[in-house]
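Visitor: Dumping the structure here so I can ask a few things about it.
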Amino acid sequence: MNLIVIDLEWNQSSTGTEPEISEIPFEIIEIGAVKYGEGGVLISEFSELIRPRVYRKMHNYTSKLVHLQMEELEKGDSFEVVAEKFFKWCGKDPVFATWGPGDVGVFQQNLKFFGLPLINEGPVAFVDVQKLFMLACEAGEKKRRALEYAVDHFGISKDIPFHRAFSDAYYAAEVYKKVCEINPEVTKFVSYDTTYPPADKEHEIKIVFPTYEKYISRVFENREKAFREKETLSTTCYICGKKAKRKIKWFSMGDRHYYCLCECEEHGLIKGKIITYPGKGGEGLYLVKILRIVNEKEAAVVEKKFNKVREYRKHNTTGVRFKKPGKNTSGPIPEDKGED
């Protein structure tokens, strides 16, 4: 198994001259990566420019950030050729690592658009080095930092310019090695790209991390069917497997976010959060649920949200559902008859 630390540069619709294509809003123009084997031994490097076919004019921001011109890209191979080279270079069963959550989804979209096999037909597991840096070095901050910030934090020598695919992959790999040295436990926090959610119940994701549990559902026809699924509303303690008593049942403030608060006799308060996402082409929806042990202060935040909704409903006699300013209302969920 090889660890592939990858970085992509991409172009997009130039302002006012090229229409955006929804299937490929970002077209990859460069792939850079470094490959590590067992024990963190550097095996080899990969760097290729890609000749674009969708967006033929460089977006101003892209050009300034990555210092690439269309004339340089014309010398590159097609995406299909470079992608084939890349996966052959990766070897069997690679594990991908990136700085931030965006690259894997963009790669999946480009593979799909150009008719190539996807990394995976459903969610793709990967290592988000940016998130691991936050967990290892800035616990409690919940703030994602720029790659250069992390490089400076560790005093890593800045020998090559940032904002090119290979250099950013190299720096992300250096940060990852430092993170592993100071707190190897954070490497257990695997991320998932859900550009393509689970195809069916069999391929749904349910995984327990050291501090929380995550569930990624298949696509449901509508919200009502999604919330009738037993797993959706379940609040079983992810540490001991026992039913947790509901203190506040699932509720929504009118957007795509749902919350609940429950209590495990052995492990204390558990916050539940569900976020719904549109399915492919906007048809149906899937959801991501997280259950997390919380302290009294964090639990109070959930109670405050719930009281705000309850107060609104108490004085709302029009039948209009609660709606946050600037958000589309989604209404109440079906009656929660879960584990009380």
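Visitor: Look through segment 95-105, keep the residues that are of a type outside the set (D, E, K, R) and crowded, with 19+ Cβ neighbours inside 10 Å, and return whichever of them is farthest from TYR176 (Cα to Cα).
Guide: VAL104
Visitor: Within segment 190-224, which residues are assigned to a helix (DSSP H, G or I) and either in contact with a strand residue (DSSP E or B) (Cβ under 9 Å, 6 or more places away or on another chain) or under 20 Å from LEU261 (Cα atoms) (or both)?
Guide: Selection gives ARG223 alone.
Visitor: Inside segment 265-288, can you point out the residues that are surrounded by fewer than 21 Cβ atoms within 10 Å (Cβ to Cβ), touching a residue at least 24 places away in the same chain (Cβ under 8 Å), closer than 21 Å to GLU298 by Cα and not charged (D, E, K, R)?
Guide: Listed by number, the residues that qualify are HIS267, GLY268, LEU269, VAL288.
Visitor: State which residue is surrounded by the most Cβ atoms within 10 Å (Cβ to Cβ) when the search covers only segment 179-189 and only residues that are touching a helix residue (DSSP H, G or I) at 6+ places or on another chain (Cβ under 7 Å) and either free of Cβ contacts under 8 Å to residues at least 12 places away in the same chain or not in a helix (DSSP H, G or I) (or both).
Guide: The qualifying residue surrounded by the most Cβ atoms within 10 Å (Cβ to Cβ) is PHE189.
Visitor: Shifting gears a bit: Do we have any residue at all in segment 62-73 that's farther than 15 Å from LEU8 by Cα, surrounded by fewer than 18 Cβ atoms within 10 Å (Cβ to Cβ) and touching a Leu at 6+ places or on another chain (Cβ under 7 Å)?
Guide: Yes, the conditions are met somewhere in segment 62-73.
Visitor: Out of all the residues in segment 174-193, is one or more of a type in the set (S, T, N, Q) and out of contact with any Pro (no Cβ under 7 Å at 6 or more places or on another chain)?
Guide: Yes, segment 174-193 contains at least one residue that is of a type in the set (S, T, N, Q) and out of contact with any Pro (no Cβ under 7 Å at 6 or more places or on another chain).
Visitor: Something else about it: Before we move on, is GLU23 of a type outside the set (Ser, Thr, Tyr), more than 27 Å from ALA146 (Cβ to Cβ) and in the same structural domain as PHE133 (by TED's automatic domain parsing)?
Guide: On the way: of a type outside the set (Ser, Thr, Tyr): yes; more than 27 Å from ALA146 (Cβ to Cβ): yes; in the same structural domain as PHE133 (by TED's automatic domain parsing): yes.
Answer is yes for this residue.
Visitor: Still on this structure, I have one more. Would a scan of segment 134-144 turn up a residue that is assigned to a loop (DSSP other than H, G, I, E, B) and either assigned by TED's automatic domain parsing to the domain that holds PHE209 or of a type in the set (Ser, Thr, Tyr) (or both)? Before the answer, list the steps.
Guide: Going residue by residue through segment 134-144, those that are assigned to a loop (DSSP other than H, G, I, E, B) are 138-144.
Those still in the list that are either assigned by TED's automatic domain parsing to the domain that holds PHE209 or of a type in the set (Ser, Thr, Tyr) (or both) too: none.
Within segment 134-144, none of the residues are assigned to a loop (DSSP other than H, G, I, E, B) and either assigned by TED's automatic domain parsing to the domain that holds PHE209 or of a type in the set (Ser, Thr, Tyr) (or both).
The values are calculated or read from the model by the stated rules, or taken from the named source; none is laboratory data. These numbers come from a predicted model, not from an experiment. Positions of Cβ are backbone-derived with ideal geometry, glycine not excepted, and every protein chain shown enters the neighbour counts.
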